[in-house]
Protein chains: 2
Amino acid sequence: MEGDQRTAEITDKRLLRGARTRATVLRQAVDIASLDGLEGLSFGRLAADTGLSKAGIQTLFRTKEALQLAAVDYARDRFVAAVVEPARSEPHGVARLRALIEHWMVYAETPLFTGGCFRVATMAEYDSKPGPIRDALFRDQRDWVRLLARELRAAAAAGEIAELDADLAAFQIDAVLCATNTALRLGDPEAADRARRIVEGFLAPA
Amino acid sequence: MEGDQRTAEITDKRLLRGARTRATVLRQAVDIASLDGLEGLSFGRLAADTGLSKAGIQTLFRTKEALQLAAVDYARDRFVAAVVEPARSEPHGVARLRALIEHWMVYAETPLFTGGCFRVATMAEYDSKPGPIRDALFRDQRDWVRLLARELRAAAAAGEIAELDADLAAFQIDAVLCATNTALRLGDPEAADRARRIVEGFLAPA
């Protein structure tokens with residue numbers, strides 16, 4: 001019994017250590033990818049940057065592609081935590097949309113990742129490369145655009161804004177946010193205000 | 001005299017051969033960059049891809065950065081020849097704008113470069129990296145957005161469309177075209193029509 005308990009404790013500690021190592025590696029991985037793209041990731045570079053052993057990182061992630069996919073998921077989770085979750089306290093419609101845009105602006109202006117928006121940085125790298133990484137990036141973009149469209153539809157249904165093609169407007173808002181991310185990286189001082197003005201154009205009262 | 005003439009001929013041939021080699025290398029360089037980014041360029045890879053000698057290519061371009069900048073200029077020139085020049089036969093305003101968008105659509109649907117729009121592919125790579133390459137990419141984007149804004153202003157001045165903030169609209173149209181390039185790479189069958197519908201929204205009669 002005592003032996004069993006000790007084995008269980010050791011297993012717990014190992015799992016905990018594995019999870020911590022995983023988070024340390026992925027934090028660094030998304031920073032690298034936001035600057036140099038997902039192709040810039042390698043077990044050797046991550047070992048050098050984090051001080052962890054290359055063999056240990058390799059054991060955790062096995063292949064470069066598995067590491068890249070884990071980085072995409074990690075970046076998505078942090079985006080959701082920074083932008084989507086905090087907006088959930090607002091009611092559906094215009095209020096939630098404005099909250100999403102404001103949280104996105106903080107995310108892009110003082111970026112979670114060194115190179116700014118993770119999706120903008122990596123989508124251009126993978127848009128011509130079919131495979132699981134492109135699929136994962138595209139899935140995250142589609143979910144985000146659908147979220148914007150859902151709130152636009154809620155706003156129109158509640159009579160807060162004029163009737164509009166919500167999918168078309170959501171596509172435009174996402175396109176403007178991506179372009180704004182680039183403008184922010186380039187130090188354009190008008191980038192944030194311009195994006196707000198464009199979004200407000202879609203939110204004009206009915 | 002005869003000797004001078006022969007020297008001149010040899011010089012001409014050398015210059016011609018240099019120019020041809022340069023074009024061969026740059027054609028390949030923009031294809032590589034549109035897929036793998038400008039960082040993906042190397043003298044060795046270009047030599048392997050074109051069958052030219054690595055030393056010869058290195059003599060022509062000297063440094064990797066000079067090669068990258070030459071690739072940016074080459075891509076810009078081909079964009080101007082494919083999109084901007086053919087639209088010049090249309091009068092300023094709505095007609096020229098529609099022509100620019102249609103030529104852009106051909107450029108993006110059956111791309112000049114393997115990886116699609118060169119600027120979208122490379123801007124995300126360089127937006128967080130200050131230096132001459134980012135400056136060159138940003139200059140080309142600014143020129144293109146200014147061109148769109150000029151035609152929107154001409155359209156409004158001629159009463160073809162309602163008064164609008166031309167710079168804001170041009171920023172939005174460019175953002176939509178960049179997002180459309182990504183959607184085309186992902187094989188989205190609605191990408192082109194959606195972009196046309198969005199642009200027409202800015203061209204509604206006064």
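Coordinate-derived values only; no laboratory data. Everything quoted here is computed from the prediction, not taken from an experiment. Using ideal geometry, Cβ is built from the backbone for each residue, glycine included, and neighbour counts are taken over all protein chains shown.
A compact table of results
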| read-out | value |
| --- | --- |
| Stretchable slack from B:V106 to B:L15, in nm (0.36 nm times residue separation minus alpha-carbon distance) | 29.4 nm |
| 222 nm mean residue ellipticity, helices alone, for chain A (DSSP H n ≥ 4; -39,500 (n - 2.57); rounded to 500) | -24500 deg cm²/dmol |
| Per-residue Cβ neighbour rank within 10 angstrom, fewest leading, A:I10, B:I198 | A:I10, B:I198 |
| Residues in the stretch A:1-35 reached by a label modelled at A:R45 [backbone nitrogen below 15 Å; 7 Å Cα→Cβ] | A:25-35 |
| Residue-averaged beta-carbon neighbours from other chains (10 angstrom radius) around B:31-38 | 2 |
| Neighbour-count order for A:R78, B:R96, B:R62, fewest beta carbons within 10 angstrom listed first | B:R62, A:R78, B:R96 |
| Mean separation of Cα contacts under 8 Å, 6 or more apart, over the residue count of the stretch B:57-206: relative contact order % | 24 percent |
| Per-residue Cβ neighbour rank within 10 angstrom, fewest leading, B:E151, A:E109, B:E163, B:E102 | B:E163, A:E109, B:E102, B:E151 |
| Mean-position separation - Cα centroids, the stretch B:66-113 and the stretch A:48-70, in angstrom | 42 Å |
| Principal axis box of the stretch A:90-172, alpha-carbon based, largest edge first, Å | 42, 29, 17 |
| Average other protein chain Cβ within 10 Å of Cβ, residues A:96-105 | 0 |
| Viscosity 1.567 mPa s, 4 °C: Kirkwood-radius Stokes-Einstein D of the stretch A:128-206 over Cα pairs, µm²/s | 93 µm²/s |
| Inter-part distance where the stretch B:10-24 and the stretch B:150-164 are each reduced to a Cα centre, Å | 46 Å |
| Descending Cα extents along the principal axes, the stretch B:1-114, whole Å | 58, 41, 21 |
| Test item: A:163-173 mean partner chain Cβ contacts at 10 Å | 3 |
| Extension gain (nm, one decimal) between A:A81 and A:Q58, 0.36 nm per residue minus Cα-Cα | 5.5 nm |
| Rg/Rh (Cα only; Kirkwood hydrodynamic radius) as it applies to the stretch A:121-167 | 1.21 |
| Computed over the protein assembly as shown, the ratio Rg/Rh where both radii use C-alpha atoms and Rh is Kirkwood | 1.05 |
| Dimensions (Å) - the stretch B:78-118, Cα atoms, principal axes, largest first | 32, 15, 12 |
| B:E65 versus A:A204: modelled label distance in nm, points set 7 Å from Cα along the beta carbon direction | 4.7 nm |
| Rounded, prolate or oblate (a/c below 1.5 giving rounded, otherwise prolate when a/b exceeds b/c) for chain A by Cα gyration tensor | prolate |
| Filter on B:K13/B:K54; A:K64/B:K54; A:K129/B:K129; A:K54/B:K64; A:K129/B:K64 - keep pairs with C-alpha separation over 28 Å | A:K64/B:K54; A:K54/B:K64 |
